[in-house]
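Read the structure below first, then the notes.
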Amino acid sequence: MTPYAARMTSEPEQQLGVGTPDAFQRLWTPHRMAYIQGENKPSGPGADDGCPFCSLPAKSDEDGLILRRGELVYAVLNLYPYTGGHLMTVPYRHVADYTDLTVEETAELAELTKQAMAALRAASGAHGFNIGMNQGTVAGAGIAAHLHQHVVPRWGGDTNFMPVVGHTKVLPQLLADTRKMLAEAWPAA
């Protein structure tokens, strides 16, 4: 037996400093490192401080990953998704707090969220959803200065909010392909 073959085992190998041994049961999501390191984050709280939610509407739907444009609110794929199809509904107006939305913006945000759910069910067979917004940096908002509501599709067996663990299949689909699929499945206004 070669020295290499003698080390081969189905048991996880203990490696100091890397956490709990788990053999090959860990899935890596290196695309999220850009988010963690602050890529595409605004330099300040103003609309002119590099806010991606303010600049996205100037792009084509394909380049901006925009799914639907309403009069006051638009729907866009999350550039750093937790699951396939993770999208956000975003007011065009640069506003940080939900209580600062107008009645019309609130209604359109709700309507686009309903449409997003219908599109995700039609396109991917989503069984359920996490829907919500983080208000303020201390509440977990990555871009606290521009309100956005997350719509995260869920499926039976994905067991937690970060379903890249625990017997979950990962669908290798480019964001551009997901955008096209959901835009085609979006219900008529």
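One residue is enough: does segment 62-73 have a residue meeting the conditions free of Cβ contacts under 8 Å to residues at least 24 places away in the same chain, open to solvent by less than 40 Å² (accessible area, probe 1.4 Å), within 18 Å of G50 (Cα to Cα) and in contact with a helix residue (DSSP H, G or I) (Cβ under 6 Å, 6 or more places away or on another chain)? Spell out how you get there, then give the answer.
So in segment 62-73, the residues free of Cβ contacts under 8 Å to residues at least 24 places away in the same chain come out as 63-64, 69.
From what is left, the residues that are open to solvent by less than 40 Å² (accessible area, probe 1.4 Å) are 64.
Still in the running and within 18 Å of G50 (Cα to Cα): 64.
Imposing the further condition that a residue be in contact with a helix residue (DSSP H, G or I) (Cβ under 6 Å, 6 or more places away or on another chain) reduces the set to 64.
Yes, some residue in segment 62-73 is free of Cβ contacts under 8 Å to residues at least 24 places away in the same chain, open to solvent by less than 40 Å² (accessible area, probe 1.4 Å), within 18 Å of G50 (Cα to Cα) and in contact with a helix residue (DSSP H, G or I) (Cβ under 6 Å, 6 or more places away or on another chain).
Identify all residues within segment 71-103 that are under 21 Å from P45 (Cα atoms) and of a type in the set (V, I, T); write none if there are none.
So the first thing to find is which residues in segment 71-103 are under 21 Å from P45 (Cα atoms), and the list is 72-74, 76, 78-80, 88-102.
Across segment 71-103, the qualifying residues are V73, V76, T89, V90, V95, T99, T102.
Would you mind stating whether Y80 is of a type in the set (F, W, Y), crowded, with 20+ Cβ neighbours inside 10 Å and touching a Lys or Arg at 6+ places or on another chain (Cβ under 8 Å)?
On the way: of a type in the set (F, W, Y): yes; crowded, with 20+ Cβ neighbours inside 10 Å: no; touching a Lys or Arg at 6+ places or on another chain (Cβ under 8 Å): yes.
Spelling it out, it is not the case that Y80 is of a type in the set (F, W, Y), crowded, with 20+ Cβ neighbours inside 10 Å and touching a Lys or Arg at 6+ places or on another chain (Cβ under 8 Å).
For residues that are in contact with a helix residue (DSSP H, G or I) (Cβ under 6 Å, 6 or more places away or on another chain) and either under 16 Å from M88 (Cβ atoms) or not hydrophobic (A, V, I, L, M, F, W, C) (or both), scanning just segment 111-128, find the one that is surrounded by the most Cβ atoms within 10 Å (Cβ to Cβ). Steps first, answer last, please.
The initial filter retains those residues of segment 111-128 that are in contact with a helix residue (DSSP H, G or I) (Cβ under 6 Å, 6 or more places away or on another chain), namely 119, 122-123, 126.
After this cut, where a residue has to be either under 16 Å from M88 (Cβ atoms) or not hydrophobic (A, V, I, L, M, F, W, C) (or both) as well, the list is 119, 126.
Details: A119: 25, A126: 19.
Result: A119.
Among the strands (runs of 3 or more DSSP E) contained in segment 80-189, which hold 2 or more residues that are within 14 Å of the chain's Cα centre (by Cα), farther than 24 Å from C51 by Cα and modelled with pLDDT of 85 or more? Give the derivation first.
Working: elements: 87-91, 128-132, 149-154.
Once the strands (runs of 3 or more DSSP E) in segment 80-189 are filtered for at least 2 residues that are within 14 Å of the chain's Cα centre (by Cα), farther than 24 Å from C51 by Cα and modelled with pLDDT of 85 or more, what remains is 128-132, 149-154.
Is it true that some residue in segment 83-98 is out of contact with any Ser or Thr (no Cβ under 9 Å at 6 or more places or on another chain), free of Cβ contacts under 8 Å to residues at least 24 places away in the same chain and surrounded by fewer than 18 Cβ atoms within 10 Å (Cβ to Cβ)?
Looking through segment 83-98, none of the residues is out of contact with any Ser or Thr (no Cβ under 9 Å at 6 or more places or on another chain), free of Cβ contacts under 8 Å to residues at least 24 places away in the same chain and surrounded by fewer than 18 Cβ atoms within 10 Å (Cβ to Cβ).
Could you list, in sequence order, all residues of segment 99-116 that are among the aliphatic types (A, V, I, L, M) and without any contact (Cβ under 8 Å) to a residue 24 or more places away in the chain?
V103, A107, A110 - these are the residues of segment 99-116 that are among the aliphatic types (A, V, I, L, M) and without any contact (Cβ under 8 Å) to a residue 24 or more places away in the chain.
Would you mind stating whether E108 is surrounded by fewer than 18 Cβ atoms within 10 Å (Cβ to Cβ) and closer than 20 Å to A189 by Cβ? Break it down stepwise before answering.
Values: surrounded by fewer than 18 Cβ atoms within 10 Å (Cβ to Cβ): no; closer than 20 Å to A189 by Cβ: yes.
For E108, the condition - surrounded by fewer than 18 Cβ atoms within 10 Å (Cβ to Cβ) and closer than 20 Å to A189 by Cβ - is not met.
The values are calculated or read from the model by the stated rules, or taken from the named source; none is laboratory data. This structure is a prediction, so every number in the text was calculated from the model and none was measured. Using ideal geometry, Cβ is built from the backbone for each residue, glycine included, and neighbour counts are taken over all protein chains shown. Accessible surface areas use protein heavy atoms only, side chains included; no ligands, DNA or RNA. Shrake-Rupley method; radii C 1.70, N 1.55, O 1.52, S 1.80 Å.
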